[in-house]
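Everything on this sheet refers to the single structure shown next.
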Amino acid sequence: LRLAKSQLTDYLTGSFMTRDAETINYPKLRKDLIFSRQQAAGETCFVVKDPVRRNYFRFREAEWFIIEQFDGETWLETIQQSAEEEFGATLPMETLRGLVLNLSKTGFLETGKQEETPSRSRRKQRVRGNLLYLRFQAFDPDRLFTRLAQKVWFFHTPHFVIFSATLILAAVGVAITHWSEISQDVDRLYQVSAIPLIMLTVFVVVAAHEFAHGLTCKHFGGEVHEVGFMLIYFQPAFYCNVSDAWLFPEKSRRLWVGFAGPFFELFIWAIATFLWLITNVDTLINFISLIVMASSGIKTLL
């Protein structure tokens with residue numbers, strides 16, 4: 001009874017916050033975590049990736065200074081004193097223990113228990129989200145993207161960017177000057193027999209859109225382990241998880257990963273516009289080009 005009373009008192013005072021007291025008093029950071037030092041809004045921050053759960057977190061400089069000292073051997077009071085000396089501010093022990101407890105719940109700390117393997121974690125997370133935001137993972141494309149990235153390297157050169165941007169601008173001019181013809185030609189899409197070809201064409205273009213995101217992330221050194229299908233407020237969509245871009249210190253690279261999808265789809269739209277212009281109306285290539293013009297152009301603008 002005395003022991004139970006003592007433990008209850010310690011819990012209420014904040015000195016015993018978990019059953020594993022050693023994890024709290026001598027926290028040890030997992031060695032497999034991946035971190036990236038970055039500058040955001042003029043301040044230094046650290047983005048940390050959990051490679052097992054594939055979650056990403058951002059910590060401020062002071063928080064990371066404390067977390068880096070979690071080696072499993074340093075006592076919390078020592079870490080507290082070190083942080084207070086470094087930043088010239090008071091760090092309450094309750095706040096420090098709260099940080100340790102949150103990191104333990106997040107899975108950042110070694111607990112002595114067997115950690116989940118990445119493959120097992122992925123199997124458990126095939127379907128994630130809720131009724132209004134559901135993600136269905138299809139497959140892991142990382143190896144495929146690694147091979148493709150070596151073969152399509154020219155897509156990530158300045159020459160291609162200049163060429164594709166010029167082609168897109170020229171296609172915009174064609175669309176404006178031939179707007180009345182395009183408007184009349186779109187009526188060909190309003191037929192039941194065209195639905196299968198429309199769905200197939202849109203699927204291919206959207207897949208190219210998502211692959212552009214993934215290949216750009218891979219080009220800059222990131223990993224891409226998830227592509228699939230999702231429902232956003234019951235609306236269908238495809239997705240490519242390029243969260244590894246958060247680890248890129250360069251903001252320009254993070255922006256390019258996000259921009260690559262719509263930019264490449266506009267490039268496909270531009271090619272389709274010129275193919276529609278130079279081919280006969282009764283040919284299959286002309287009809288497919290019209291589908292791309294109508295779907296990709298409108299979708300990208302929206």
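The values are calculated or read from the model by the stated rules, or taken from the named source; none is laboratory data. Since we're looking at a predicted model, the values are computed, not measured. Neighbour counts run over all protein chains shown; Cβ positions are idealised from the backbone, glycine included. Ligands, DNA and RNA are stripped out before the accessible areas are found, and what is left, the full protein with its side chains, is counted by its heavy atoms. Shrake-Rupley method; radii C 1.70, N 1.55, O 1.52, S 1.80 Å.
Solvent exposure of the chain, expressed per residue, is 61 Å² of accessible area, with all protein chains present and a 1.4 angstrom probe.
Solvent-accessible area assigned to carbon and sulfur over the chain amounts to 61 percent, based on a 1.4 Å probe.
How high is the FRET efficiency between residue 235 and residue 55 when r is their beta carbon distance and R₀ equals 22 Å, given to the nearest 0.05?
For R0 = 22 Å, the calculated efficiency reads 0.30.
Overall, the ratio between the Cα radius of gyration of the chain and 2.2 N^0.38 Å, rounded to two decimals, is 1.37. Spacing of the modelled spin labels on residue 87 and residue 298, each 7 Å from Cα toward Cβ, amounts to 5.3 nm. A Cβ-based charge dipole, computed about the Cα centre of segment 146-254 with Lys and Arg at +1 and Asp and Glu at -1, lands at about 340 debye. Per-peptide packing, taken as the mean over residues of other Cβ atoms within 10 Å, places 290-296, 261-267, 84-90, 133-139 in the sequence 290-296, 261-267, 133-139, 84-90 from highest down. For the chain, averaging the sequence separation of C-alpha pairs within contact (under 8 Å, six or more residues apart) and dividing by the residue count gives a relative contact order of 17 percent. For segment 146-223 and segment 238-302, what is the separation of their Cα centres, given in Å? Using only Cα atoms to place each centre, the spacing works out to 3 Å. The gain in end-to-end length when the residue 62 to residue 32 segment is fully stretched comes to 8.7 nm, 0.36 nm per residue minus the alpha carbon separation.
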